[in-house]
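Report on one structure; see the data block that follows.
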Amino acid sequence: MNCRVCKKKAVIAIPRHNTAFCADCFDKYLMDQVRKTIKEFRMFSPDDRILLAVSGGKDSLALWDILTRLELDVLGYHLDLGISEYSKESTEKTRLFAEKRGYRLIVEEIESETGATLPVIAESTKRPPCSACGLSKRHLFNRAARQYDCQVLATGHNMDDEASRLLGNILHWQDGYLEKQFPALPAEGGLIRKVKPLNRLTEKEMAAYAYLNGIDYVIRECPMSADAKQIFYKKILNDIEKESPGTKQFFYFGFLERSQKMFPLSKETSPPSENCKMCHEPCYTDICSFCRLKMKLSPFPESSETEDTPITFITPNIS
Ligand code: AMP
Ligand code: FES
Ligand code: ZN
């Protein structure tokens, strides 16, 4: 199999585009896809500082590399969830990646924030782990963005993540979630602008990019989300894709085209009705869901006035 562009030996086939690339042409293709996404959805302004949520997996580490190559101002943020060996490896790989390249990284621990690791939180609050995890990430990502003067939050969600999420949202007609499933969401209600620059690239393409660029990432899946429906939906979509290449992309991008008509994004940014009485982060009720989660773990939490925000390490100095 040869590269469709330069005829050298191909390293990756991309059946949905009926093409194959050598390493150099694949790199150009992938960078073009990210540039196109950033431009099309107007993800960044020239003066933006980006808070990039980095899990230690292939997508977010690769995105860090890509955004840096595009000369954007990026600050990495990793949340250590305290999920035994999985989190140890994730934090270690993220930290090593940042150190080797001299990238700026903030690491926070869910245990320092709540007094408990994610498995303990899930057990004590009887919440599904992924729900407690998502809630905590949303809160802490947003807080970090404000603290470090970042105007936009970027995550490494790829096309497979987005298409499987879309399938789940449609199967259950989750209108509220469908409305929010756009790769660039404006700042709203005190919450920072959010973008997903990898939404045009598949899991396989991101793994190939990581491999070709020597990125050492966590391969195993989170053990707490091992039975998540998302994995099942990904498998179904991959089975369909095998039979009929291009269907996944058609499904997801077909939705995005229609969603702008179905759910037009408001240009106005609505202020939050109030700030949380405990942590002062924006929220729509008296007490935000993250503080309510903390209260379930410890019924008498300290007042936020006396709380520090523990940060385990930062590499190198943030300017
Ligand atoms: P996932 O939901 O695990 O597929 O992750 C999707 C994206 O969320 C990743 O690409 C990261 O950008 C971000 N993310 C997930 N887990 C973490 C974490 N522990 N710390 C920081 N960012 C994360
Ligand atoms: Fe959130 Fe596993 S990463 S539950
Ligand atoms: Zn709060």
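If the condition is being under 10 Å from residue 81 (Cβ atoms), in a helix (DSSP H, G or I) and more than 13 Å from ligand 2 (Cβ to nearest atom), then segment 109-129 contributes only 111. The set of residues in segment 229-246 being surrounded by fewer than 18 Cβ atoms within 10 Å (Cβ to Cβ), over 16 Å from residue 168 (Cβ atoms) and either touching a residue at least 40 places away in the same chain (Cβ under 8 Å) or touching a strand residue (DSSP E or B) at 6+ places or on another chain (Cβ under 9 Å) (or both) consists of 245, 246.
Residue-wise test of (1) in a helix (DSSP H, G or I); (2) modelled with pLDDT of 95 or more; (3) over 30 Å from residue 254 (Cα atoms).
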residue	(1), (2), (3)
131	yes, no, no
149	no, yes, yes
157	no, yes, no
160	yes, yes, no
169	yes, no, no
179	yes, no, no
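Of the residues 49, 42, 16, which single one is in contact (Cβ under 8 Å) with a residue 60 or more places away in the chain and more than 23 Å from residue 253 (Cβ to Cβ)? Just one listed residue meets the conditions, 49.
Residues in segment 79-108 that are over 28 Å from residue 293 (Cα atoms), within 15 Å of ligand 2 (Cβ to nearest atom) and assigned to a loop (DSSP other than H, G, I, E, B): 0 in all. Among the numbered criteria (1) away from ligand 1 (no atom under 14 Å from the Cβ); (2) over 24 Å from residue 207 (Cβ atoms); (3) buried (at least 22 other Cβ atoms within 10 Å of the Cβ), which single criterion is violated by residue 166? Checking residue 166 against (1) away from ligand 1 (no atom under 14 Å from the Cβ); (2) over 24 Å from residue 207 (Cβ atoms); (3) buried (at least 22 other Cβ atoms within 10 Å of the Cβ), the one that fails is (2). Residue by residue through segment 198-232, note down the ones that are of a type in the set (Asp, Glu) and either in a helix (DSSP H, G or I) or over 18 Å from residue 53 (Cβ atoms) (or both). Hits for segment 198-232 are 203, 205, 216, 227.
The values are calculated or read from the model by the stated rules, or taken from the named source; none is laboratory data. No experiment lies behind these values; they were computed from the predicted model shown. Methodologically, a virtual Cβ is constructed for each residue, glycine included, from the backbone with ideal geometry; neighbour enumeration extends over all protein chains shown.
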